[in-house]
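Taken together, the values in this text are just the output of simple stated rules run on the coordinates, not laboratory data. Small disclaimer: the values here were computed from a predicted structure and weren't measured. Cβ coordinates were reconstructed from backbone atoms using ideal geometry, including for glycine residues, and neighbour counts include every protein chain displayed.
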Amino acid sequence: MTTTNTAANATATQVLGDLLQEWQSRFNEPDPERAAALFTEDALFQGLFPDPVTGPESIAGYYRQVPPGTRAVARVLHAYRGGDDWIGGLAQVVFHQHDGDIPVRLSLVAVRGDEGWRIRQYHVSRL
């Protein structure tokens with residue numbers, strides 16, 4: 001790996017970490033609409049429910065179905081810069097619920113637009 005790639009990946013890790021911290025904060029409020037606002041209009045979202053959804057309105061609907069009191073803790077495991085305006089990565093997320101914890105891996109792609117960095121693809125896999 002070259003120094004340039006290492007620096008780019010470090011920057012991607014910081015950007016992804018900041019975005020996930022903002023997502024975690026909004027998820028934990030909980031405020032489904034504010035959390036969903038971190039996604040692009042064409043975002044593809046695969047949560048723990050069986051069916052994927054697309055776009056912020058559907059994502060907010062998904063978040064409204066999350067059991068009350070659920071909290072998330074997220075940590076970036078790996079990130080990469082795919083281009084000037086997009087990054088991807090993998091995170092560890094633990095959803096803490098009253099009846100136990102749900103650890104997952106989250107893969108995501110984020111793009112930079114007029115409103116800053118937004119999540120375009122979000123996919124969780126239960127561990």
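From the phi of every residue in the stretch 78-87, what ³J(HN,Hα) in whole Hz does the Karplus formula 6.51 cos²θ - 1.76 cosθ + 1.60 yield, where θ is phi - 60° and glycine or proline is x?
7, 9, 8, 9, x, x, 4, 10, 8, 9
Using +1 on the beta carbon of Lys and Arg, -1 on that of Asp and Glu, and nothing else charged, what's the dipole of the chain about the Cα centre, debye to 20? Intermediate results must be reported in sequence, preceding the final value.
Numbers: 11 positive and 15 negative charges, 88 e Å.
Computed charge dipole of the chain: roughly 420 debye.
Binning at 10 angstrom from zero up to the longest distance, how are the C-alpha pair distances of the stretch 3-126 distributed in percent?
Binned Cα distances yield the sequence 14, 48, 31, 7, 1.
To test your reading of the geometry: what angle, between 0 and 90 degrees and rounded to tens, separates the Cα axis of helix 55-64 from the longest principal axis of the chain?
Between the helix axis and the principal axis of the chain, the angle is about 40 degrees.
Evaluate the relative contact order of the chain (contact order divided by residue number), counting alpha-carbon pairs under 8 angstrom at least 6 apart; express in whole percent.
So the answer I get is 25 percent.
Checking a compactness column here: for the stretch 49-109, what do you get for Rg(Cα) / (2.2 N^0.38 Å), N being the number of residues? List each step's numbers first, then the result.
Values: Rg = 13.8 Å, N = 61, 2.2 N^0.38 = 10.5 Å.
Output field value: 1.31.
Report, in deg cm²/dmol and to the nearest 500, the calculated mean residue ellipticity at 222 nm for the chain, where each DSSP H run with n ≥ 4 adds -39500 (n - 2.57) and the sum is divided by the residue count. Could the numbers behind the result be given before it?
Numbers: 3 runs with 41 residues, N = 127.
Counting only the DSSP helices, I get -10500 deg cm²/dmol.
Nearest 5 percent is fine: what portion of the DSSP beta bridges confined to the stretch 3-126 is antiparallel?
Approximately 90 percent, going by the DSSP bridge assignments.
Quote to one decimal, in nm, the extra length available between Asp99 and Arg64 on full extension: 0.36 nm per residue of separation minus the C-alpha distance between them.
Length gained between Asp99 and Arg64: 10.8 nm.
Taking the dipole about the Cα centre of the chain, with the C-beta of Lys and Arg at +1 and of Asp and Glu at -1, give me whichever of Tyr122, Val94, Ala35 is farthest to the positive side.
Going by the Cα projections, it comes out as Val94.
Please find the FRET efficiency linking Thr54 to Gln92, where r is the Cβ-Cβ separation and R0 is fixed at 30 Å, and quote it to the nearest 0.05.
Here the calculated transfer efficiency is 0.75.
In degrees from 0 to 90, rounded to the nearest 10, what is the angle of the helix 3-28 Cα long axis to the longest principal axis of the chain?
The angle comes out at about 20 degrees.
Would you mind computing Rg(Cα) / (2.2 N^0.38 Å) for the stretch 74-127, counting N as its residues?
Rounded to two decimals, the normalised Rg is 1.30.
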